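Presented below is the structure to which this report refers.
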Amino acid sequence: MRIDRITLREIRLPLKEPFRISSGVTSTRRICLLELLSSDGAVEWSECVAGEEPNYSYETIDTAWLAIREWIAPRVLRRELEDPSEVYALLERDFRGHGMAKGAVEMGVWGLAARTMGIPLSQLLGGVRKEIEVGISLGIQQDPEILAEKVKKSFGEGYRKVKMKIEPGKDVAFVRHVRNVVGSTAHLMVDANNAYSEAEFGLLRQLDEFELMMIEQPLASDDLVRHAKLQKLLTTPLCLDESITSVERAQDMIELGSGRIVNIKPGRVGGFASSIAIHNLCALHGIPVWCGGMLESGIGRAYNVALASLSNFKLPGDISPSDRYWERDVVSPEWVMSKEGRIAVPLASPGIGVTVDTERIEKLCVRREVLGP
Ligand code: OSB
Ligand code: MG
């Protein structure tokens with residue numbers, strides 16, 4: 001297979017409500033979409049999950065755009081590719097970081113390969129599930145009562161796991177109130193996005209009382225050693241998100257004992273080859289994984305759904321249906337969740353399994369660049 005052209009487009013999609021995490025707030029997503037064209041005329045779309053600001057990681061839509069144009073596309077365009085699994089190494093050689101930018105192209109090649117072969121993306125990845133269990137990620141709220149209302153509503157809609165964002169000052173009291181309202185068996189977890197340090201280990205230990213499924217990324221992303229210290233003090237499993245940027249970091253986590261669960265976001269780790277390697281390593285060590293989200297449009301969501309169909313994705317993913325985020329998505333059909341909190345893996349159509357609404361994307365497009373002829 002050969003990729004002849006990649007067209008980058010930036011669209012702006014306002015979220016139904018602002019999404020606040022400990023390190024910043026997003027109201028409108030600026031999303032970079034890629035349209036990949038193969039030498040035999042096939043087209044597939046992919047999405048770069050980098051955010052607007054460098055708060056989740058150092059990457060942003062603007063750094064990713066630059067990296068794709070200057071260094072990533074030139075390595076991939078017009079090159080004969082035997083298999084999508086080659087692309088990861090091609091992009092890693094003497095090229096540090098920029099996993100989200102690399103991942104957008106790498107995943108696009110997997111999507112395009114599946115489309116060209118006439119098979120669903122999940123099949124190409126080795127997926128085994130027909131349905132994905134869905135969890136919701138709730139942003140930081142003003143007070144515990146408002147949060148508890150949203151948690152209750154989410155369980156009512158069928159979500160199988162509710163993740164609450166926390167930060168210093170909006171943690172123990174918030175979780176305690178929610179636990180009291182929803183009862184002891186509800187599947188709850190928290191995500192701190194790096195907001196705590198060693199000085200707050202005592203406070204984090206108080207969370208053990210609430211029997212959370214896990215605490216996601218309490219400490220700095222480059223701090224596997226202190227995560228290991230913290231895990232020894234807690235009964236609640238730690239789950240790492242920002243820290244796991246490659247299969248080597250997952251190996252470090254396992255050897256050091258820095259966590260017991262991994263959130264895999266394919267964009268964060270440089271794409272699918274790396275995601276599958278992390279998935280397989282974790283399976284070997286009895287570490288469950290689940291698929292995280294980055295407030296993707298329906299295009300990025302298709303890639304998450306396909307990945308989450310692999311066998312060791314044992315916990316509900318942050319893969320909410322389209323209408324949790326958007327008035328209207330850019331794909332049809334939109335992603336929908338059943339009353340039982342499941343999303344169907346599209347197994348009847350080739351490639352990413354949804355049709356991209358190109359007319360709407362043109363209307364929403366504020367920037368466009370063609371790479372290749
Ligand atoms: O830490 O998982 C995170 C969104 C933006 C940045 C970081 C995170 C998140 C989410 C949203 O939790 C998950 C979703 O897409 O629904
Ligand atoms: Mg997270």
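Enumerate the pairs (first residue in region 198-227 and in the same structural domain as V178 (by TED's automatic domain parsing); second residue anywhere and within 16 Å of ligand 1 (Cβ to nearest atom) and among the charged types (D, E, K, R)) with beta-carbon separation below 6 Å, excluding pairs fewer than 6 apart on the same chain, so at least 6 apart or on different chains.
Filtered contacts from region 198-227: E216/D191; E216/D241; Q217/D241; Q217/E242; S221/E242.
Among (1) among the aliphatic types (A, V, I, L, M); (2) assigned to a strand (DSSP E or B); (3) surrounded by fewer than 21 Cβ atoms within 10 Å (Cβ to Cβ), where does A148 come up short?
So the condition that A148 fails would be (2).
Could we say that T60 is within 16 Å of ligand 2 (Cβ to nearest atom) and of a type in the set (V, I, T) here?
On the way: within 16 Å of ligand 2 (Cβ to nearest atom): no; of a type in the set (V, I, T): yes.
So T60 fails the test.
Tell me which residues, restricted to region 251-281, are buried (at least 20 other Cβ atoms within 10 Å of the Cβ) and not in a loop (DSSP other than H, G, I, E, B).
M253, I261, V262, N263, I264, F272, A273, S274, S275, I276, I278, H279
How many residues are over 22 Å from S137 (Cα atoms), surrounded by fewer than 16 Cβ atoms within 10 Å (Cβ to Cβ) and not basic (K, R) if we restrict to region 204-233?
Qualifying residue count for the region: 3.
Does region 315-324 contain any residue that is closer than 25 Å to I119 by Cβ and within 16 Å of ligand 2 (Cβ to nearest atom)? Break it down stepwise before answering.
Initial filter on region 315-324 (closer than 25 Å to I119 by Cβ): 317, 319, 321-322.
Those still in the list that are within 16 Å of ligand 2 (Cβ to nearest atom) too: 317, 319.
Yes; the residues of region 315-324 include at least one that is closer than 25 Å to I119 by Cβ and within 16 Å of ligand 2 (Cβ to nearest atom).
Residues to consider are L307, L371; find the one that is touching a helix residue (DSSP H, G or I) at 6+ places or on another chain (Cβ under 8 Å) and within 15 Å of ligand 1 (Cβ to nearest atom).
On the way: L371 fails: within 15 Å of ligand 1 (Cβ to nearest atom).
The unique qualifying residue is L307.
Of the numbered conditions (1) touching a helix residue (DSSP H, G or I) at 6+ places or on another chain (Cβ under 6 Å); (2) within 16 Å of ligand 1 (Cβ to nearest atom); (3) of a type in the set (A, V, I, L, M), A250 fails exactly one; give the number of that condition.
The one condition A250 does not meet is (2).
Which of (1) over 18 Å from M214 (Cβ atoms); (2) within 16 Å of ligand 1 (Cβ to nearest atom); (3) buried (at least 19 other Cβ atoms within 10 Å of the Cβ) is the odd one out, the single condition L125 does not satisfy?
Here L125 clears every test but (2).
Can you confirm whether region 282-298 contains a residue that is surrounded by fewer than 24 Cβ atoms within 10 Å (Cβ to Cβ), part of a helix (DSSP H, G or I), without any contact (Cβ under 8 Å) to a residue 12 or more places away in the chain and more than 16 Å from ligand 2 (Cβ to nearest atom)?
Checked region 282-298: at least one residue is surrounded by fewer than 24 Cβ atoms within 10 Å (Cβ to Cβ), part of a helix (DSSP H, G or I), without any contact (Cβ under 8 Å) to a residue 12 or more places away in the chain and more than 16 Å from ligand 2 (Cβ to nearest atom).
Only one of (1) buried (at least 17 other Cβ atoms within 10 Å of the Cβ); (2) touching a residue at least 60 places away in the same chain (Cβ under 8 Å) fails for E80. Which number is that?
The number of the failed condition is (1).
Just to be sure, is R29 surrounded by 17 or more Cβ atoms within 10 Å (Cβ to Cβ) and away from ligand 2 (no atom under 16 Å from the Cβ)?
Working: surrounded by 17 or more Cβ atoms within 10 Å (Cβ to Cβ): yes; away from ligand 2 (no atom under 16 Å from the Cβ): yes.
Answer is yes for this residue.
Please specify each residue of region 299-314 satisfying the condition of being within 16 Å of ligand 2 (Cβ to nearest atom) and of a type in the set (G, A, S).
G300, A308, listed by residue number.
Only one of D171, D143 is surrounded by fewer than 21 Cβ atoms within 10 Å (Cβ to Cβ) and in the same structural domain as C291 (by TED's automatic domain parsing). Can you tell me which? Quick ask: steps written out before the conclusion?
Numbers: D171 fails: surrounded by fewer than 21 Cβ atoms within 10 Å (Cβ to Cβ).
Exactly one of D171, D143 is surrounded by fewer than 21 Cβ atoms within 10 Å (Cβ to Cβ) and in the same structural domain as C291 (by TED's automatic domain parsing), namely D143.
Can you say whether R79 is of a type in the set (D, E, K, R) and more than 19 Å from the chain's Cα centre (by Cα), as far as the supplied structure shows?
Yes, satisfied.
Given the criterion at pLDDT 95 or above, within 14 Å of ligand 1 (Cβ to nearest atom) and not aromatic (F, W, Y), identify the matching residue among Q217, Q206.
Working: Q206 fails: within 14 Å of ligand 1 (Cβ to nearest atom).
Sole residue among the options that is at pLDDT 95 or above, within 14 Å of ligand 1 (Cβ to nearest atom) and not aromatic (F, W, Y): Q217.
The values are calculated or read from the model by the stated rules, or taken from the named source; none is laboratory data. All values derive from a computational prediction rather than experimental measurement. Methodologically, a virtual Cβ is constructed for each residue, glycine included, from the backbone with ideal geometry; neighbour enumeration extends over all protein chains shown.
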